Amino acid sequence: MKKRFWTLLMIVAAFTLVLAGCGAKENTSTGDAPADGGAKDKVYKVGTEATFAPFESIDDKGNIVGLDVDILQAIADEMGFKVEWENIGWEPVFQTIKNGETHIGASGITINEERKASFDFTEPYYESQLLIVVKEDSDIKSLADLKDKKISVQINATGHMAAKKLQGDASTNIMAFENQPVAIQEMLNGNVDATIGDNAVIYEYIKANPNAKLKVIEDDAFEKEYYGFMVKKGNTELLKLLNEGLQKIKDNGKLAEITGQDFK
Ligand code: ARG
């Protein structure tokens, strides 16, 4: 009797282990692409900071929408994988790709050497440039004019890097915020003299806030920037998949159709 009980218990335990094993496998199956490189029906988690229209924002229904969403969806359609978007915030995009919680960073992310040391990027899909925004009545005219002025930026964005390059890393005149709209608001509130941000996003903000009384200053002292999708360093399989799809939508005109920018 006793022996039978133990046998039964062991069978139950063995089953539990097998089931747990299956479960664990299923949970991690959204990780790396399968060994054969096939991506059919795979679901990749996409991290973003969605206050960055026209690239990513939240619509009336609470959905993440924008050019990045459309571009990545077009790539996913070409390559037969699925994406699951999450609005996690700017710095968490980088942190969660590093720790593997997120697979793709799609957030108007500029490809640069500093980031390439820690992440891998697809080929570029959009050309961008920083610009300066001031109040309509400001007498600031160029980047050089900002040398001793108070500047607001999105933290660890390229605008932040440009401000540090101008004023030095330790400058107390630079105020860094979680996202670009807050940085603009700080300038409108009179807490800083100027904001630096990505051109398409600033122009979109002005379009959406026609009464804000803002003036934009373009300056070729800002270098051209290129957006790419970001993955964990060494995730060559996913990178290949994204690049292949991106090349397809460059070739068939879909990318240009989405962005309105003829970028190859
Ligand atoms: N292009 C800039 C950068 O890479 C700003 C990107 C900010 N993106 C966002 N979704 N808030 O640093």
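The values are calculated or read from the model by the stated rules, or taken from the named source; none is laboratory data. Everything numeric in this text was worked out from a predicted model, so none of it was measured. All Cβ positions, even for glycine, are placed from backbone atoms using ideal geometry, and neighbour counts span all protein chains on display. Quick note on the areas: whole protein, heavy atoms, side chains included, nothing else; ligands and nucleic acids left out. Shrake-Rupley method; radii C 1.70, N 1.55, O 1.52, S 1.80 Å.
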Where residues in the range 75-118 are part of a helix (DSSP H, G or I) and of a type in the set (Val, Ile, Thr), which of them is farthest from Gly47 (Cα to Cα)?
Ile75
For the range 190-249: of the residues being open to solvent by 60 Å² or more (accessible area, probe 1.4 Å) and hydroxyl-bearing (Ser, Thr, Tyr), which is farthest from Asn112 (Cα to Cα)?
Tyr203
Count, please, the residues in the range 183-204 that happen to be touching a strand residue (DSSP E or B) at 6+ places or on another chain (Cβ under 8 Å) and either within 15 Å of the ligand (Cβ to nearest atom) or in a helix (DSSP H, G or I) (or both).
14
I'd like to know if the range 67-74 contains one or more residues that are in a helix (DSSP H, G or I), at pLDDT 50 or above, touching a Lys or Arg at 6+ places or on another chain (Cβ under 8 Å) and open to solvent by less than 30 Å² (accessible area, probe 1.4 Å).
yes
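Is it the case that the range 161-173 has a residue that's over 16 Å from the mean Cα position of the chain (by Cα), in a strand (DSSP E or B) and over 27 Å from Ile249 (Cα atoms)?
Taking the range 161-173 as the starting set, the residues that turn out to be over 16 Å from the mean Cα position of the chain (by Cα) are 161-173.
Then drop every residue that is not in a strand (DSSP E or B), which leaves none.
No, that holds for no residue.
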For Leu131: the one exception among (1) of a type in the set (A, V, I, L, M, F, W, C); (2) open to solvent by less than 40 Å² (accessible area, probe 1.4 Å); (3) under 22 Å from Phe94 (Cβ atoms)
(3)
Cβ pairs under 7 Å, 6+ apart, first in the range 235-264 and closer than 21 Å to Lys82 by Cβ and touching a residue at least 60 places away in the same chain (Cβ under 8 Å), second in a helix (DSSP H, G or I) and open to solvent by 70 Å² or more (accessible area, probe 1.4 Å)
Gly245/Glu78; Lys248/Glu78; Ile249/Glu78; Ile258/Asp70
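Is it true that Ile111 is in contact (Cβ under 8 Å) with a residue 24 or more places away in the chain, within 11 Å of the ligand (Cβ to nearest atom) and in contact with a Pro (Cβ under 7 Å, 6 or more places away or on another chain)?
Spelling it out, Ile111 is indeed in contact (Cβ under 8 Å) with a residue 24 or more places away in the chain, within 11 Å of the ligand (Cβ to nearest atom) and in contact with a Pro (Cβ under 7 Å, 6 or more places away or on another chain).
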